[in-house]
Amino acid sequence: MNTIKLKSTVAHICLIIASLFFIIPFLWMLSTSLKPITQVFSFPPEWIPKPFQWSNFKDAIEEIPFWTYLSNTVVITIISTLGAVLSCPLVAYSFAKLQWKGRNVLFGLTLAVMMIPGQVTMIPLFLLFNKIGWVGTPLPLIVPSFFGIPLYIFLLRQFFLGLPDSLRDAAKIDGASEWRIYWQIMLPLAKSAVLSVGLFQLMASWTDFIGPLLYLTNETSYTLSLGLQQFQSAKGSEWNLMMAVSTIMTLPIIVLFFFLQKKFIEGITFSGIKG
Amino acid sequence: MARTEKAISKTSVNPRSVPKKKTKIKKGYAGWLFASPWIIGLLLFYALPVVSSLYFSFTTYSILQPGDFIGFKNYSDLIHDHLFWKSIGNTVYFAVIFVPLSIIFGVALAMMLNMRVKGMSIYRTVFFLPTLVPQVALAVLWMWLLNPGFGLVNGMLDKIGISGPAWLGSETWSKPSLIFMSLWGIGQAVVIYLAGLGDISNEYYEAAEVDGANWFQRTFYITLPLLTPVIFYNLVMGVIGAFQQFTLPYTLTQGSGKPNNSLTFYVSYLYDNGFKYFKMGYASAMAWILFIIIMILTLLIFWSSKRWVHYQGK
């Protein structure tokens, strides 16, 4: 009995020490975001803001065109996520359950494309979007997701392969069209996998940096990532305000995480095991 | 029940033997139709750019002028480009230190988080939180933590009597700083290790207990060997990710790679060539070299995996 107690105490101590490494930067971010600027530059550093300067958040929002950045980020995130969850399951289903000529070749190509680093396509894509006048608009960050993303197609295909054919056959005998079978039977069954993919795309889009850096040349079209980076370049010493912006930018994801905790973990394991 | 009856009556009443061939054609048609967004996407956003990128890598293409075909000149110029080699050196430095450390810490952390103690879900949440911080925010946060004069890290070091280095301002410490902050975000890999630990059948541990194996033996003869498939996955992903490092060093240095180009990574230099100097042919050649490097490393890891990756039941 006593050794068990000792063991669990030791375990807790180890876990708490490890946790400190992960939690302290967060607490430091919060603490700094509430400090007056004079206290930010006190050495040795102090933990408790004196006084709690909540107006930092207001100031930070006013110092940069925060609402513009936020709405740009939200629009890009939502539309590109929508594009991914509409196109990827459809293509994945076709790869997994439908018979057609050239399917295996195309699937092989999809796998091959997954291995090509994004840097290879980056320059020609930029030139392509430049030619059609999309540079400076968010379109290059939104439109491609409607045409499928190879990793998600692959993951969803694996998921569809695991669904029984009997359902499809039964619906077929009932005379349902291929579209109805997909939309009303198979897609609802894949809901959780589609949600995982949606979450991936949402996170990727929200935190994307290189995409906005390449394509959003106009300050009024900046996203939060790009805005924060610019703010940091321009006013590198206003750490309290920068920590406030960082907090605001991270908070929505953390809130989302607390609602969809299981989904986050499932998604990562799913991609890790299947991929 | 009703459904099958309906189905049977339907098939028997409606003679469906004739349109059989027709449905087969129709079936193929549906497949193409469903896949058509991706067929377009694959051609437009992948195939075409890959082919043009390869072509550009043999030209002096820039956005300002069409450029001339110059054969392998970009590639041979790269070999004599001092900064190119420096960027490879920095990238390899990061990969060689970060990837093994991330595996050691990741596995150790996963094993700790796999213990049966109260409140584990809280601990698991805590270590996962950093992965939710956007990269730019992560960079800004760590710039502040590692601030030489007023940062928390040097403040804590000062308390125990060490005067901390300039971290990101020092040529020696800039890459280790990057490694620290990257280790802070290893939560995703840990989640995969945790899933791997959960997949190890309990029978192995029961058998080991019967044989009187201690913790050390259980860890090194059961847990770690059976975790190798997951380690393998994280190794491949880690190496690929390390070679594509961009956002963190860019944000940390405002794109300059300072001090003294110690944070100029491979992709940072590629970006500079392509979008700062508009040497797009040169940058394309770099992209293809990157592709080849990643390919070779991945193949090497796959090839070596036969010797050290063990699957359960084999």
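The values are calculated or read from the model by the stated rules, or taken from the named source; none is laboratory data. All of these numbers come straight from a predicted model, not from anything done at the bench. So basically every Cβ, Gly included, is an ideal-geometry build from the backbone, and we count neighbours across all protein chains shown.
Things worth noting here:
- For the criterion of being modelled with pLDDT under 95, out of contact with any helix residue (DSSP H, G or I) (no Cβ under 6 Å at 6 or more places or on another chain) and in a loop (DSSP other than H, G, I, E, B), A:PRO44 fails.
- Entry remark, region A:233-244: residues being facing chain B (nearest Cβ under 8 Å) and either touching an Asp or Glu at 6+ places or on another chain (Cβ under 8 Å) or at pLDDT 90 or above (or both) number 3 in total.
- Among residues of region A:143-180 being surrounded by fewer than 20 Cβ atoms within 10 Å (Cβ to Cβ) and of a type in the set (Val, Ile, Thr), the one that is farthest from A:VAL91 (Cα to Cα) is A:ILE173.
- Among residues of region A:212-232, those that are within 10 Å of another protein chain (Cβ to nearest Cβ) and either in contact with a Cys (Cβ under 8 Å, 6 or more places away or on another chain) or outside any helix (DSSP H, G or I) (or both), counted: 1
- Verdict on B:GLY255 being among the small types (Gly, Ala, Ser) and within 16 Å of the chain's Cα centre (by Cα): no
- Scope region B:230-252; condition at the interface with chain A (Cβ under 9 Å from one of its Cβ atoms), part of a helix (DSSP H, G or I) and within 25 Å of B:GLY106 (Cα to Cα); matching residues: B:VAL230, B:TYR233, B:ASN234, B:MET237, B:ILE240, B:PHE243, B:THR247
- A:ILE210 vs. criteria surrounded by fewer than 21 Cβ atoms within 10 Å (Cβ to Cβ) and farther than 30 Å from B:ILE63 by Cβ: no
- The residues of region A:38-58 that are away from chain B (no Cβ under 11 Å) and surrounded by fewer than 15 Cβ atoms within 10 Å (Cβ to Cβ), listed by number, are A:THR38, A:ILE48, A:LYS50, A:PRO51, A:PHE52, A:TRP54, A:SER55, A:LYS58.
- Those residues of region B:20-36 which are within 11 Å of chain A (Cβ to nearest Cβ) and either surrounded by 19 or more Cβ atoms within 10 Å (Cβ to Cβ) or modelled with pLDDT under 85 (or both), in sequence order: B:THR23, B:LYS24, B:ILE25, B:LYS26, B:LYS27, B:GLY28, B:ALA30, B:GLY31, B:PHE34, B:ALA35
- Filtered residues of region B:51-82 (kept if touching a helix residue (DSSP H, G or I) at 6+ places or on another chain (Cβ under 6 Å) and assigned to a helix (DSSP H, G or I)): B:SER52, B:SER53, B:PHE56, B:ASN74, B:TYR75, B:LEU78
- The single condition among (1) in contact with a helix residue (DSSP H, G or I) (Cβ under 9 Å, 6 or more places away or on another chain); (2) more than 11 Å from every other protein chain (Cβ to nearest Cβ); (3) part of a loop (DSSP other than H, G, I, E, B) that B:GLY255 does not satisfy is (2).
- Within region B:159-168, restricting attention to residues that are at pLDDT 90 or above and in a helix (DSSP H, G or I), the residue that is farthest from the chain's Cα centre (by Cα) is B:TRP167.
- Just one residue in the set A:PHE154, A:PHE209, A:PHE159 is closer than 22 Å to A:PHE107 by Cα, within 12 Å of chain B (Cβ to nearest Cβ) and within 26 Å of the chain's Cα centre (by Cα); that residue is A:PHE154.
- Of all the listed residues (A:PRO89, A:PRO124), the sole one being at the interface with another protein chain (Cβ under 7 Å from one of its Cβ atoms), in contact with a helix residue (DSSP H, G or I) (Cβ under 8 Å, 6 or more places away or on another chain), assigned to a helix (DSSP H, G or I) and not β-branched (Val, Ile, Thr) is A:PRO124.
- So B:ALA110, is it within 23 Å of the chain's Cα centre (by Cα), within 7 Å of another protein chain (Cβ to nearest Cβ) and in a helix (DSSP H, G or I): no
- Looking only at region A:1-30, residues that are under 26 Å from the mean Cα position of the chain (by Cα) and more than 19 Å from B:SER121 (Cα to Cα) come to 5 in all.
- When A:SER87 is tested against (1) over 25 Å from A:ILE185 (Cα atoms); (2) buried (at least 16 other Cβ atoms within 10 Å of the Cβ), only condition (1) is not met.
- Test for A:TRP134: is it within 11 Å of another protein chain (Cβ to nearest Cβ), aromatic (Phe, Trp, Tyr) and surrounded by fewer than 20 Cβ atoms within 10 Å (Cβ to Cβ): no
- You will find that of B:ILE39, B:ILE103, the residue that is touching a helix residue (DSSP H, G or I) at 6+ places or on another chain (Cβ under 9 Å), within 12 Å of chain A (Cβ to nearest Cβ) and assigned to a helix (DSSP H, G or I) is B:ILE39 and no other.
- Restricting attention to region B:274-303, the residues being within 7 Å of chain A (Cβ to nearest Cβ) and touching a Gly at 6+ places or on another chain (Cβ under 7 Å) number 2.
- Pairs where the first residue, in region A:253-264, is surrounded by 11 or more Cβ atoms within 10 Å (Cβ to Cβ) and the second is of a type in the set (A, V, I, L, M, F, W, C) and not in a helix (DSSP H, G or I), C-beta under 9 Å, 6+ apart: A:ILE253/B:VAL133; A:ILE254/B:VAL133
- Flag if A:LEU70 is over 30 Å from B:ILE296 (Cα atoms), facing chain B (nearest Cβ under 8 Å) and buried (at least 17 other Cβ atoms within 10 Å of the Cβ): no
- Filtered residue count, region A:96-121, keeping only those that are under 14 Å from A:TYR182 (Cβ atoms) and more than 7 Å from every other protein chain (Cβ to nearest Cβ): 2
- Check on A:SER42, farther than 20 Å from A:ALA204 by Cα and hydroxyl-bearing (Ser, Thr, Tyr): yes
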